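Structure, as structure tokens:
The values are calculated or read from the model by the stated rules, or taken from the named source; none is laboratory data. Remember, predicted model here, so these are calculated numbers, not experimental data. Here the Cβ positions follow ideal geometry from the backbone for every residue, glycine too, while neighbour counts run over all protein chains shown.
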Amino acid sequence: MIFAKLEYNNLTSSVKDRAALNMIIKGEETGELTKDKIILESTSGNTGISLAAIGMLKGYKVKLVLPETISLERRNILKEFGAELMFTSASEGSDGAYKYAKRLYKKHQDIYFTPNQYSNPANPEAHYKGTADEIWKQTGGKVTHFVAATGTSGTLMGCSRRLKELNHNIQSYAAEPKEEIHGVEGLKNMRVEMVPDIYDETLVDHKLYITTEDAYNMALRLAKEERLFVGPSSGLNICAALKVAESIEKGVVLTVLPDTGYRYISTGIFNRELFDIFIAHKEMDKIKEHARDGYPFEVCGLMAGSIRDSKKIVTKVFPCENINKDRAIDRFEIHPREYLKITKQLSRGESIIGIYHSHPNHPSRPSITDLSFASPVYSYLIVATIKDRISSIRCWTLNEEEDGFKEEFIMPY
């Protein structure tokens, strides 16, 4: 039996929220991080996004050093949160970014605080004190094998240490890209790349090597077969977990899905046929602007277009007033007359096919309240905002039983 912990459901859609928050808190507690200092870190993207978002919330400036290979989506999210970006050569990978940030910090220690995720004990501690205990509780203490890919190795180290304390028989597996030069952003082949200081070989019982192609194909398969829209590192983890499951007679194998597939659309991993709802860029921009302007309250509106070959095409969006004034901070309501007024404005062949609303300081997942008011004829696009910045956008529709939601994958066009 294989379980996957959906870490892309965190606030900025990745597992790195845990380590970023803990490293900032520890920096504040030790006095190394003060309001006059800039947070400086090297990252392949996800840690940077988490640091930028949490730094913004706490009032810190953030400067990030990244390999120039990071995806367009990650760059855009980092800019959304106001981070200053510096890029290093693609050929040097994450190691090159790390070395450059280290040199920069040494020259200007008076103005920078560096979390240094590769060396900071607060990184694995976040998983030791949080993720691992959640895994133990959520599996009822039945987990027997833990699998995690190695980037900084924080997830693997923290979870492995704690799970082995809870049950010394639990086996820990490090999953790494097989190629020396691979295409899985954020991960390391420890045989040829810099080994993080926080990495402890004694906490690893076995190592597994997965090709980039297999990781990509599994990410695509997870989207098609399981409706889990995740990135290549999640594909790599599942490939490794399947190998473990095939090698044992019985047990509970657990791995994590670190981030969302929305950070990799521009890379071409996912083909167009995979997506369910297509939204014009200019209309998506209207939705984002509405969510930003309406913060800290929920905003709402209607999406119109057509359905072709089971694909929903959104060509127009209509911002509406949230008439739930008493609970606008966490509820929305569109007046019935808006539906009639907007329907009259539509061209032949167009209809209202969805509703959008924002979730201030909350992930872009439906709430119990959203479920209670949902109709099977609409798509529900949710915009997560952190302060007045967009952190994620996801879309949902009722499942066949109408007792929950299933995700619809969005493709801007």
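Values computed for the structure shown
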read-out	value
Residue match in segment 182-189 (condition: in contact (Cβ under 8 Å) with a residue 12 or more places away in the chain, among the aliphatic types (A, V, I, L, M) and out of contact with any Gly (no Cβ under 9 Å at 6 or more places or on another chain))	no
Long-range neighbours under 6 Å by Cβ, at least six apart or interchain, first residue closer than 19 Å to Ala90 by Cα within segment 36-50, second basic (Lys, Arg) and assigned to a helix (DSSP H, G or I)	Gly45/Arg74; Asn46/Lys16; Thr47/Lys16
Failed item, numbered, when Val192 is tested on (1) assigned to a helix (DSSP H, G or I); (2) surrounded by fewer than 23 Cβ atoms within 10 Å (Cβ to Cβ)	(1)
Elements of type helices (runs of 4 or more DSSP H) in segment 210-326, at least 1 residues being under 18 Å from Glu408 (Cβ atoms) and in contact (Cβ under 8 Å) with a residue 12 or more places away in the chain	212-226, 281-294
Close pairs from segment 133-157: first among the basic types (Lys, Arg), partner surrounded by fewer than 23 Cβ atoms within 10 Å (Cβ to Cβ), Cβ under 7 Å, at least 6 apart	Lys142/Val252
Lone qualifier among His108, His127 - being of a type outside the set (D, E, K, R), surrounded by 16 or more Cβ atoms within 10 Å (Cβ to Cβ) and either under 28 Å from Met218 (Cβ atoms) or assigned by TED's automatic domain parsing to the domain that holds Gly55 (or both)	His127
Unmet requirement for Tyr60, which otherwise passes all of (1) in contact (Cβ under 8 Å) with a residue 60 or more places away in the chain; (2) crowded, with 19+ Cβ neighbours inside 10 Å	(1)
Residue check, Tyr173 over 22 Å from the mean Cα position of the chain (by Cα) and touching a residue at least 40 places away in the same chain (Cβ under 8 Å)	yes
In segment 36-53, the residues that are hydrophobic (A, V, I, L, M, F, W, C) and surrounded by fewer than 24 Cβ atoms within 10 Å (Cβ to Cβ)	Ile38
Residue selected from segment 365-392 under the condition closer than 26 Å to Tyr264 by Cβ and free of Cβ contacts under 8 Å to residues at least 40 places away in the same chain, by the criterion surrounded by the fewest Cβ atoms within 10 Å (Cβ to Cβ)	Pro366
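Condition check ((1) surrounded by fewer than 17 Cβ atoms within 10 Å (Cβ to Cβ); (2) closer than 18 Å to Val383 by Cβ; (3) modelled with pLDDT of 95 or more; (4) not aromatic (Phe, Trp, Tyr)) across all residues:
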position	(1), (2), (3), (4)
Gly294	no, yes, yes, yes
Phe318	no, yes, yes, no
Asn324	yes, yes, yes, yes
Ile329	yes, yes, yes, yes
Pro336	yes, no, yes, yes
Lys341	yes, no, yes, yes
Lys344	yes, no, yes, yes
